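A.B. asks: This is the structure, below, for whatever I ask next.
The values are calculated or read from the model by the stated rules, or taken from the named source; none is laboratory data. Computed from a predicted structure; not experimentally measured. With ideal geometry, Cβ positions are generated from the backbone for all residues, glycine too; neighbour counts draw on all protein chains shown. Areas reflect the complete protein model, heavy atoms only, side chains present, ligands, DNA and RNA absent. Shrake-Rupley method; radii C 1.70, N 1.55, O 1.52, S 1.80 Å.
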Amino acid sequence: MISILIILGLVIVLTDSIRLSLMGWKIRTLWSLVWMIVAYGSTMWLTGLSSEDIYGYLNIRSVCLFGFIESMIFISYLFYGGKRKEMLSYYPGLMMIFPVTLLAFWMSRVINGVSFMAIGVSASLVTVALLTGLTSFFRWLRCEKSSLYVASIVSLIIYILIYGIA
């Protein structure tokens, strides 16, 4: 189960980072800060739960279903025009909450003897560093909409396979 969660997290990070790299730098910075706050908040939330409760919230089938819907939104963004495209251009990929929560869960369980506030700050700093680094890397590679299309199709296939396995 852990390996499936890691695969799902990596697929979501890849696809959503490509989507964020297509946005302007102000919007990318804003969303990176939002995910930083989410990482801190989810760390504080997860420290009060048991591992069984957390695995109950991290339902693989639901993650695959929502990831499938998000990939369809990304593909719609690529093929729509006009007002619909403008409206979808601000959608960053809200499934990023899953890998951010996985990171917060991992850090809260691995690091012992440190206050939960310090773990939350560490998780938020790691999140913003990874997101900024990945989006900058994809900008450096000059990823275009075709890269988002390929990543969305690959993620759709992975979601279907994992949904069938789970």
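A.B. asks: With a 1.4 Å probe and all protein chains left in place, how much accessible area per residue does segment 1-71 have, in Å²?
C.D. replies: On a per-residue basis, 50 Å².
A.B. asks: Where a ≥ b ≥ c are the square roots of the eigenvalues of the C-alpha gyration tensor, would you call the chain rounded, which needs a/c under 1.5, or, failing that, prolate if a/b is larger than b/c, or oblate?
C.D. replies: In terms of gyration-tensor shape, oblate.
A.B. asks: In whole Hz, with x marking every Gly and Pro, tabulate ³J(HN,Hα) for segment 158-166 from phi via Karplus 6.51 cos²θ - 1.76 cosθ + 1.60, θ = phi - 60°.
C.D. replies: Along segment 158-166, the couplings run 5, 4, 5, 4, 5, 4, x, 6, 6 Hz.
A.B. asks: In whole Hz, what ³J(HN,Hα) sequence does segment 130-142 give by Karplus (6.51, -1.76, 1.60; θ = phi - 60°), x for Gly and Pro?
C.D. replies: My calculation for segment 130-142 gives 5, 5, 5, x, 5, 5, 5, 5, 5, 5, 5, 6, 6 Hz in order.
A.B. asks: Here is a follow-up. At a 1.4 Å probe, what is the % contribution of carbon and sulfur to the accessible area of segment 92-166?
C.D. replies: 74
A.B. asks: Rounded, prolate or oblate: which fits segment 1-59 when a ≥ b ≥ c are the square roots of the eigenvalues of the alpha-carbon gyration tensor, with rounded for a/c under 1.5 and prolate only if a/b beats b/c?
C.D. replies: Oblate shape, in that a/c is at least 1.5 and b/c is the bigger or equal ratio.
A.B. asks: Would you kindly derive the ³J(HN,Hα) couplings of segment 68-80 from the backbone phi angles with the Karplus curve 6.51 cos²θ - 1.76 cosθ + 1.60 (θ = phi - 60°), listing them in order in whole Hz, with x for Gly and Pro?
C.D. replies: Karplus values, whole Hz, x for Gly and Pro: 4, 5, 5, 5, 5, 5, 4, 5, 4, 4, 6, 9, 7.
A.B. asks: Need one number: nm distance between label points at residue 73 and residue 160, each 7 Å from Cα along Cα→Cβ, rounded to one decimal.
C.D. replies: It works out to 2.2 nm between the two label points.
A.B. asks: Next up: Which residue, chosen from 58, 140, 47, occupies the Cα position most advanced towards the positive end of the dipole of the chain, where the dipole is computed from +1 (Lys, Arg) and -1 (Asp, Glu) charges on Cβ about the Cα centre?
C.D. replies: Of the listed residues, the answer is 140.
A.B. asks: Sum -39500 (n - 2.57) across every DSSP H segment of at least 4 residues in the chain, then divide by the residue count to get the 222 nm mean residue ellipticity, nearest 500.
C.D. replies: -27000 deg cm²/dmol
A.B. asks: Oh, and also: Once both labels are modelled 7 Å past Cα along the beta-carbon direction, what's the residue 114-residue 145 spacing in nm?
C.D. replies: 4.2
A.B. asks: Counting only C-alpha contacts under 8 Å and six or more residues apart, can you give the relative contact order of the chain as a whole percent?
C.D. replies: 47 percent.
A.B. asks: So who's got an amide H within less than 5 Å of the one on residue 111, skipping anything under 5 residues away but keeping other chains? H placed 1.01 Å off N, in plane.
C.D. replies: Long-range HN contacts for residue 111: none found.
A.B. asks: Moving to a separate point now. Evaluate E = 1/(1 + (r/R0)^6) for residue 30 and residue 53, where r is the Cβ-Cβ distance and R0 equals 30 Å; express this FRET efficiency to the nearest 0.05.
C.D. replies: The calculated FRET efficiency here is 0.45.
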